[in-house]
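**Student:** Mind having a look at this structure? Questions to follow.
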């Protein structure tokens, strides 16, 4: 019985409210859609950021300055007109050790010509360990820490080791993800760039 | 009455099981593992994202902790350690973004949105309350005997719109 | 063969889903009931079809058919049978199939319900469920196909393709890469399925909500129909989260269960809106208010489910959970845009019809408290969402900085981390606010309630709740911890007081004995007392969370054999270390340590470090001594040299943490009480209600 009464009461209220029924006001609509669009834009931005992937061959290489462990600054002026081999590595990175000796040998081959510059960017590493690593493989080409992970972010690297070859015009020519397995792999790429 | 007593006992028993926090021991000269971990807890290394530095098992993080040990041994304060790492590896090493530039947004946006929500709710509530129409006044207050009050309320809730 | 069968079943399911969507729309617009029935049959068919597909993958995994790329990537010969089966959801492709299979199970289950009284919903429920399913099938068939096989061309090149390309031979790797060691844990058997179940089951209430919006049957019928679905969805999601925490506690080796990892939060966000929804639908049922809000909440929950899946699957985030980089991100984005805009557009279109029937009369009424509860849940959601999204925005803002050099100082594109400190500080007070509401709201009445009436009910349990607080104060607890424990005892006192009052009233008025009265009371309003039981479960979980958050202590030390490390009352002694290789491809370093408390020998623990040769990954498995009072959690720290001479241990003392797991059991009990199908009486009551309602609902 009580149920019937209550239902009737609610119905009465319902009809009363019915009179003042109206849609959503315009500004509320605009605000709501603005919010939704804003949120979607945020998601879209994330997507764009992740879909980018590594900097690819053919694109102009990002500008960067490497401060070596010795304190020397290597910037655009030093790189001008040279083929740049930029290797990202770290002392904690086991695969990096596979290629370290080959990279050094290659450097010794090309250093006299002055046409090729090897650079090592030490990714997320501590200086003590890094020096030990450089010593262990007697690496002589300029190496320096990737301060503030700026260089690695500019190249959007995904891990170490990764090596970027930049041609004389400053365009990215070749990207190697993971370690080189042979010396020939490195020299083939550089010779190809020197020939063209 | 008996079960009310039982309720007390249960509640007290429930909350008795609280330990007293551990005491600190005086810091010796060389930084202890605990001191390093205390600093590392608030840091993240890019190699193992989303795992705090004090528990990250990678070699890279081990080296970072060694670096912290060295800095602390040289007498650096906690803040100086953070500053060193931010300089070398960027803002991402900190568990919380530093309060600079664009990063302010992370601290400002949630409170602003929440406040906006509260304000919107406040106005909406005021709006709703205005036409205090003959609201159905069939509430618990009218019940007679105190014994039945709870049962009445219960039955009423069940009946309300079912 | 199996691979072709499974792939064929996938493609057919996709076509069937598309047909179902088309048939439902055609049937409802042309008013042809037979087409609607046909679409219903199509939806029913998706489940057996996807079962074939899922079974094929499972069989391939069991047989270790490494020619199938997915099998090779998640299994290896050394893996035991149960892990080979659970590898179904161990990788991107398989877990998407598993997702779709669960989704189809729910869709089919929905078609089997009795539609007599709400036939108009049927075609639209079919459309929403099957569109969602079709979307996931697109992802599987075109982008993340688990049936892709390996072929070798005559020049030795390895090609992945579903069908054999001309001039190639099947290529069968000698062994697979094996499942990620992190996922080789019994917790992994149950955590993802429960989470996925929670995710997919929220599609059902969403489908009904959309059906209600499209058909214009905007009374609370859709809420009544989906009430139990929502509760089960909520339970699955809650358990998925809790088990995920348990897995982290047992496997990840950082002494905690919740790291505010972006992917954890991605699963947590639909739980927040889902919990808010569970509460606010009650206002609509009892008072006919907040209809817009409920619609909005369920739409939000659904899209947060999709968004969470997007975050984990698209490679946007990197975390322990995320699957490898993948091309499906843009598709997810399109799907989110479509579902969100269409649902919200439908909601705006029905705005006027969804106006509330009553007003809020008092800030102390039940509906007002539920509203505050929703407000807090939304606030936590905002914090979580922004915490997850902002680092990505910050990084992406570098693009602006690059484009406009003048702004490059502001839009640096720096990567940043948002860690637990941020979330804990921002949400801590909000959780406390929720506890307060959880305590007060049960004592308030629907409709009108004043400070006075509320205060009259509140004073006794409040005073009771101070007693344990005073006791623990004299035990030396103060500050935030004291406040938190008081809140816990406040909620517990009021909830038990509610039970007590109800039982007491029945004993007095009906002369039943205490147990009969309790049984009858709960049976009379299972939803209410089930809800209270869930609250008690949450409160117990809160005790565990407070314990570990506030009272956790830790220490670390390197000791030789026989050496000791002390932590609080505890002392551990390093006894020995065993170092051996196992047949399943691990090197295990297993320490034996003795644990003493107050000088008394307690137990032996064996923390260990497992190194997986295949994947070159290590796992640190803690040695844990659990009791109702605390966990003593010891890790063999892997990153210091381990030898039989000395080893490094990290020791955590986690007070009360087991209350968290125990509370989740109570939570399950409560949900069962609240959601178990009711028997005849409910049906009778509902019928009676319909008879009275009939003339009014003909609008």
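What follows draws every value from the coordinates through simple rules; no lab data is involved. All figures in this text were calculated on a predicted structure; none of them were measured in a lab. Cβ coordinates were reconstructed from backbone atoms using ideal geometry, including for glycine residues, and neighbour counts include every protein chain displayed.
**Student:** Kirkwood hydrodynamic radius of the protein assembly as shown from all distinct Cα pairs, in Å?
**Tutor:** The Cα-based Kirkwood calculation yields 32.1 Å.
**Student:** If you take the Cα Rg of the stretch C:88-242 and divide it by 2.2 N^0.38 Å, with N the number of residues, what do you get?
**Tutor:** 1.37
**Student:** May I pose another question? Given R₀ = 30 Å, what would the calculated FRET efficiency be for residue C:473 paired with residue A:35, taking r from the Cβ atoms and rounding to 0.05?
**Tutor:** So, using R0 = 30 Å, E works out to roughly 0.10.
**Student:** Still on this structure: Tell me what the protein assembly as shown gives for mean residue ellipticity at 222 nm when only DSSP H runs of n ≥ 4 count, each as -39,500 (n - 2.57), the sum divided by the residue total, rounded to 500 deg cm²/dmol.
**Tutor:** -19000 deg cm²/dmol
**Student:** Next up: Using a basic spin-label model with each label point 7 Å from the Cα along Cα→Cβ, how many nm lie between residue B:125 and residue C:337?
**Tutor:** Inter-label distance under the simple model: 3.9 nm.
**Student:** Still on this model: Could you state the orientation-averaged shadow area of the convex hull built on the Cα atoms of the stretch C:170-261, in nm² to one decimal?
**Tutor:** Convex hull of Cα atoms, orientation-averaged projection: 10.2 nm².
**Student:** Same structure, new question: Could you tell me the ratio Rg/Rh of the stretch C:448-600? Both radii from Cα atoms, Rh via Kirkwood.
**Tutor:** Across the stretch C:448-600, the Cα-based Rg/Rh ratio is 1.21.
**Student:** Also, I was wondering about something else. In whole Å, how far is the Cα centre of the stretch C:29-45 from that of the stretch C:352-366?
**Tutor:** Going from one Cα centre to the other spans 38 Å.
**Student:** Further, regarding this structure: Measure of size requested: the Rg and Dmax of the stretch C:349-484, with Cα atoms as the atom set and Å as the unit; please supply both.
**Tutor:** That works out to 22.6, 66 Å for Rg and Dmax.
**Student:** Round to the nearest 0.05 the FRET efficiency obtained for residue B:105 and residue C:459 when R0 = 45 Å and r is the Cβ-Cβ distance.
**Tutor:** About 0.50, to the nearest 0.05.
**Student:** In the protein assembly as shown, what % of DSSP beta bridges are antiparallel (nearest 5)?
**Tutor:** Of all bridge pairs located within the protein assembly as shown, approximately 90 percent are antiparallel.
**Student:** From the C-alpha gyration tensor of the stretch B:33-101, pull out the three semi-axes of the equivalent ellipsoid (sqrt of 5λ each), sorted largest to smallest, in whole Å.
**Tutor:** 17, 15, 10
**Student:** Rounded if a/c is under 1.5, else prolate if a/b beats b/c, else oblate: with a ≥ b ≥ c from the C-alpha gyration tensor eigenvalues square-rooted, which is the stretch C:275-317?
**Tutor:** prolate
**Student:** Which of rounded, prolate or oblate describes the stretch A:107-181 when judged by the alpha-carbon gyration tensor and an a/c cut-off of 1.5?
**Tutor:** oblate
**Student:** I would also like to ask the following. Mean separation of Cα pairs under 8 Å and 6+ residues apart, divided by the residue count of the stretch A:66-195: what relative contact order is that in percent?
**Tutor:** Averaging sequence separation for qualifying contacts and normalising by length gives 35 percent for the stretch A:66-195.
**Student:** Obtain the nm distance between the two label points defined at residue C:520 and residue A:25 by a simple spin-label model: each point lies 7 Å from its Cα along the Cα-to-C-beta direction.
**Tutor:** The modelled label-to-label distance comes out at 5.3 nm.
**Student:** Where the centre of each part is set by its Cα atoms, how far does the stretch B:50-92 sit from the stretch C:208-235, in angstrom?
**Tutor:** Taking the Cα centre of the stretch C:208-235 as reference, the centre of the stretch B:50-92 is 52 Å away.
**Student:** Moving on. Using just the alpha carbons, could you tell me how many Å³ per residue the convex hull of the stretch C:166-211 encloses?
**Tutor:** Per-residue hull volume (Cα only) is 141 Å³.
**Student:** How many Cβ atoms of partner chains, on average, are near each residue of B:93-100 if near means within 10 Å of its Cβ?
**Tutor:** Taking the mean over all residues of the peptide, I get 5.
**Student:** Still on this structure: Rounded to whole Å and ordered largest first, report the semi-axes of the equivalent ellipsoid of the stretch C:552-659 derived from its Cα gyration tensor (root of 5λ).
**Tutor:** Here the semi-axes work out to 24, 16, 11 Å.
**Student:** Could you tell me the center-to-center distance, by alpha carbons, between the stretch C:456-497 and the stretch A:100-123 in angstrom?
**Tutor:** Each part reduced to its Cα centre gives a spacing of 70 Å.
**Student:** Given 5 Å bins starting at zero, what is the percent of C-alpha pairs of the stretch C:35-84 in each, up to the one with the largest pair distance?
**Tutor:** Distribution as computed: 5, 20, 21, 15, 10, 9, 8, 7, 5, 1, 0 percent.
**Student:** Which percent, nearest 5, of DSSP beta bridges in the stretch A:66-195 are antiparallel?
**Tutor:** 55 percent
**Student:** Treating the stretch A:66-195 as a set of equal point scatterers at the Cα positions, no solvent, please give the Debye-formula log₁₀ I(q)/I(0) at q = 0.11 Å⁻¹.
**Tutor:** Log10 of I(q)/I(0), two decimals: -0.33.
**Student:** Under 8 Å for C-alpha pairs, at least 6 residues apart: give me the relative contact order for chain C, rounded to a whole percent.
**Tutor:** It comes to 10 percent, rounded to a whole number.
**Student:** If I take every Cα pair under 8 Å that is 6 or more residues apart in the stretch C:458-606, average their sequence separation and divide by the length, what percent do I get for the relative contact order?
**Tutor:** The value is 13 percent.
**Student:** To one decimal place, what Kirkwood hydrodynamic radius in Å is obtained for chain C from all pairs of distinct Cα atoms?
**Tutor:** It is 28.2 Å.
**Student:** Average projected area of the Cα convex hull of the stretch C:1-179, in nm²?
**Tutor:** Its average projected convex-hull area is 11.1 nm².
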